[in-house]
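The values are calculated or read from the model by the stated rules, or taken from the named source; none is laboratory data. The structure displayed is predicted, hence computed values, not measured ones. With ideal geometry, Cβ positions are generated from the backbone for all residues, glycine too; neighbour counts draw on all protein chains shown. Just the protein is used for accessible areas: all its heavy atoms, side chains included, with ligands, DNA and RNA removed. Shrake-Rupley method; radii C 1.70, N 1.55, O 1.52, S 1.80 Å.
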Amino acid sequence: MLIKIGFDIQFELAAPTPMILLLFVRPSREDDLRAPQELRVIPETRVCHYNDLFGNHCARVYAPAGLVSFQLETLIEDSGRPDRERLDVPQVPVQDLPNETLAFLLSSRYCEVDRLGDVAWDLFGNTEPGWPRVEAICEWVNRHITFGYEFADSTKTAWQVYQDGKGVCRDFNHLAVTFCRCMNIPARYVTGYLGDIGVPVAPYPMDFSAWFEVFLGDRWHTFDARHNVPRIGRILMAVGRDAADVAITTNFGSASLKKFHIISDLVSE
């Protein structure tokens with residue numbers, strides 16, 4: 001299937017402001033693009049591209065004061081298959097894990113492994129290791145956390161989500177990531193496009209989405225504690241330890257968001 005993705009995001013800046021942008025498809029999906037992935041900045045501004053420590057495609061700009069818009073629209077091919085099915089893949093003992101996965105076992109800004117370790121083992125210590133354990137974590141988070149945009153809080157951590165039982169998609173997945181790490185399963189936080197493809201259209205504006213990946217067997221696998229059902233058309237943008245590593249924009253100065261329009265639509269070929 002072919003999916004149109006893109007955005008139109010506008011800020012008002014009080015002064016010239018350095019910015020980091022994670023607004024691109026992750027390099028692992030770039031071969032699926034069927035049109036150029038060209039970022040348009042209004043007013044025209046020099047854009048410098050680079051890959052960060054996690055292999056995400058990033059850009060940096062020095063945006064002028066006033067209204068600044070970032071726009072992109074492209075096409076990407078997707079398999080059209082649901083992104084998750086039960087797999088009999090083993091949980092890898094910590095001593096046998098690849099070196100590059102070890103950072104995703106540790107506490108991070110929004111994922112306090114040290115605070116939730118005892119809770120996780122009480123809840124999931126009797127579950128079967130591997131895929132069934134991650135499924136159990138997703139099901140618990142999905143049942144016990146209440147979703148609502150009114151609960152959005154950019155400073156909320158996994159511990160606070162566990163305490164108050166409310167949050168948005170990032171909070172569901174921060175908590176699931178933390179529980180997985182507590183159970184010695186490497187888990188990383190993910191952002192990307194997830195349009196209403198194959199499901200009823202949601203009654204709120206399109207946004208970027210959050211989910212997570214765990215390392216089982218010999219590779220990373222997709223899970224989503226917020227939706228907790230297989231979805232179609234998930235387009236990966238960035239991965240990191242938590243939301244702090246994959247912020248869509250990071251502004252080194254005062255910035256007021258004026259427009260935020262996201263596109264993720266199935267295209268008839």
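By DSSP, the beta bridges lying fully in region 128-269 are antiparallel in about 90 percent of cases.
As a rough guide to protection, the peptides 120-131, 4-15, 181-192 ranked by mean Cβ packing within 10 Å, highest first, stand as 181-192, 4-15, 120-131.
Across all Cα atoms of region 1-90, the radius of gyration (one decimal) and Dmax (whole number) stand at 16.4, 54 Å.
Per the Debye formula with a single identical scatterer at each Cα and no solvent contribution, what log10 I(q)/I(0) holds for region 182-231 at q = 0.13, 0.21 Å⁻¹? Log10 I(q)/I(0), no solvent term: -0.38, -0.82. Averaged per residue, region 52-154 has 56 square angstrom of accessible surface, using a 1.4 angstrom probe with ligands and nucleic acids left out. Structural descriptor for region 99-242: relative contact order 29 percent, calculated from alpha carbon pairs under 8 angstrom and at least 6 residues apart.
Extents of region 128-269, taken as max minus min of Cα coordinates on every principal axis and listed largest first, are 46, 43, 27 Å. Classify region 53-159: rounded, prolate or oblate, from the alpha-carbon gyration tensor (a ≥ b ≥ c, eigenvalue square roots; a/c under 1.5 rounded; otherwise prolate if a/b is larger than b/c)? Because a/c hits 1.5 or more and a/b exceeds b/c, region 53-159 counts as prolate.
Pairs of alpha carbons in region 161-209 separated by more than 15 Å make up 58% of all such pairs.
Here, P(r) means the percent of Cα pairs in each 5 Å bin from 0 to the largest distance; for the chain it is 1, 6, 12, 16, 18, 16, 14, 9, 5, 2, 0, 0. What a 1.4 Å probe finds exposed on region 31-94 is 49% carbon and sulfur by accessible area, rounded to a whole percent. Relative to the longest principal axis of the Cα atoms of the chain, the long axis of helix 131-144 makes an angle of roughly 70 degrees.
By its C-alpha gyration tensor, with a ≥ b ≥ c as the square roots of the eigenvalues, how is region 187-269 shaped: rounded for a/c under 1.5, else prolate for a/b larger than b/c, else oblate? It comes out oblate by the Cα gyration axes.
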